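Participant: This is the structure I want to talk about, given as structure tokens.
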Amino acid sequence: MTFTFDRVASSGAARAGVFTTPHGRVDTPAFMAVGTVATVKALDPIELEAIGCQVILANTYHLHLRPGDEIVRSLGGVHRFMGWNGPMLTDSGGFQVFSLESLRTVSEDGVEFRSHIDGSRHRFTPESVIQIERNLGADVIMQFDHVIPGQSVEVEARDASERSIRWLVRCNAELERISQREPGTGNREQRLLRSTGPDSPFPVPVQTLFPIVQGGIHANLRREASRVIQAEGDWLGYGIGGLSVGESKPDMYAMLDVVNEELPHDRPRYLMGVGFPEDLVEGVRRGVDLFDCVAPTRMGRNGTAFTSDGRVNVRRSELRADARPLDETCECSTCKRFSRAYIRHLFVADEILGLRLVSLHNVHFLVALMRRARAAIIDGSFDAWSRDWLARYHSRPTPVP
Ligand SMILES: [Zn+2]
């Protein structure tokens, strides 16, 4: 099988596993670095490999608008385009499209929206999104889903969740249609493949579609969605969507508990768009295997560093002569070589290296946090380790920027 998930150890609901894809393995739990427009902002793939990052996420909405998914396809797919040969995942654009608010209209067929770049009109349907994700060629592709604000009332949450499941069925049918057409003869892709040989820049991607469990903060809807989705197909993994979109943290954790009970334990679960350190640890405790979030790079560019004692704003004047690294327990190349004082200096002087160094540290922090959690699950110390880690992280209030 091209995609496999092997659990190697567990501790309560937490699991350590190996998720295998056509582009290699991902040791779980894992943090996926976000490469929105086929770049993890300010970091190159060689740095990401050195950090130990095993999987990158790219964004369907952004790459469709610029440079265009057909262009990416003509250059060999998103792996080759961005110079990353490891596992990749594309989101479906649902979150971005529904974030456009005044710029979009929703119908049962799909969503019409205006580009945030130039205002041009576009239309996403479950079918067109799968065609785009096929052109991009990531290993894991997410279904197109109807995303709603975190505090939505039950009737709205039910409407969006049920529509998302109908869209899942359409996504799956479209993926099957495209993949069955490709090995046959006479279609454009196959002719291109034949004419250019095995080193063709148009490899036929082997992909798996992940459904997304929606349902807002309503336990009954989350439970129902989990069950109906499982009845619709034998999925190789599951997304958990619509969290960290304005609801409270206790609500989010409660939904994870519900979904953990319902989803099959032998498939990876991906909590979408959630990536603050405390949420990763809380998520792993509730059976989540994969996470992604723009927070480490966005905060890195703003000069906020994750540390084991909470966040540090590197511009603060107290750091002016601070010879310590950002985090004394961190083994990233930023912390091994540079002081807080130097990094503060780079930010104050508006030097581009500063935002690169903090971005690298932040991504490393989350990748290493998941590596540490995995080791603790395997050696049987996860429950105690995670409680200690959360207590230490929460013990120091986040400084006001
Ligand atoms: Zn570091």
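Participant: Restricting to region 321-360, and then to whatever is under 19 Å from residue 41 (Cβ atoms), open to solvent by 20 Å² or more (accessible area, probe 1.4 Å) and away from the ligand (no atom under 15 Å from the Cβ), can you tell me which residue is nearest to the chain's Cα centre (by Cα)?
Facilitator: Among those that are under 19 Å from residue 41 (Cβ atoms), open to solvent by 20 Å² or more (accessible area, probe 1.4 Å) and away from the ligand (no atom under 15 Å from the Cβ), it is 352.
Participant: If residue 76 satisfies every condition in (1) assigned to a loop (DSSP other than H, G, I, E, B); (2) more than 25 Å from residue 234 (Cβ to Cβ); (3) within 18 Å of the chain's Cα centre (by Cα) but one, which is the exception?
Facilitator: All conditions are met except number (3).
Participant: So in region 279-298, with the set limited to residues that are in a loop (DSSP other than H, G, I, E, B) and closer than 19 Å to residue 55 by Cβ, which one is most open to solvent (accessible area, probe 1.4 Å)?
Facilitator: Top of the filtered list is 294.
Participant: Anything in region 299-319 that is open to solvent by 10 Å² or more (accessible area, probe 1.4 Å) and assigned to a strand (DSSP E or B)? List them, or say none.
Facilitator: If the condition is that a residue be open to solvent by 10 Å² or more (accessible area, probe 1.4 Å) and assigned to a strand (DSSP E or B), then 304, 311, 312, 313 are the ones that fit.
Participant: Do you know which residues across region 133-152 are of a type in the set (Val, Ile, Thr) and open to solvent by 10 Å² or more (accessible area, probe 1.4 Å)?
Facilitator: The answer is 147, 148.
For every residue, the table says whether it meets (1) of a type in the set (Lys, Arg); (2) open to solvent by 70 Å² or more (accessible area, probe 1.4 Å); (3) free of Cβ contacts under 8 Å to residues at least 40 places away in the same chain; (4) under 16 Å from residue 69 (Cα atoms).
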| residue | (1), (2), (3), (4) |
| --- | --- |
| 82 | no, no, no, yes |
| 85 | no, yes, no, no |
| 91 | no, no, no, yes |
| 106 | no, no, no, no |
| 115 | no, no, no, yes |
| 125 | no, no, no, yes |
| 128 | no, no, yes, yes |
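Participant: Next question, about the same structure. Identify all residues within region 103-158 that are under 21 Å from residue 36 (Cα atoms), of a type in the set (Gly, Ala, Ser) and out of contact with any Gly (no Cβ under 6 Å at 6 or more places or on another chain); write none if there are none.
Facilitator: Selection gives 115, 119, 120, 128, 138.
Participant: Within the set of pairs 6+ apart or on separate chains, which have a first residue in region 152-172 that is farther than 14 Å from residue 130 by Cα, a second that is of a type in the set (A, V, I, L, M, F, W, C), and C-beta atoms under 6 Å apart?
Facilitator: 156/148; 157/221; 158/221; 160/148; 161/221; 161/225; 165/228
The values are calculated or read from the model by the stated rules, or taken from the named source; none is laboratory data. None of the values given here were measured: they were computed from a predicted structure. So basically every Cβ, Gly included, is an ideal-geometry build from the backbone, and we count neighbours across all protein chains shown. Side chains included, ligands, DNA and RNA excluded: accessible areas come from the protein's heavy atoms. Shrake-Rupley method; radii C 1.70, N 1.55, O 1.52, S 1.80 Å.
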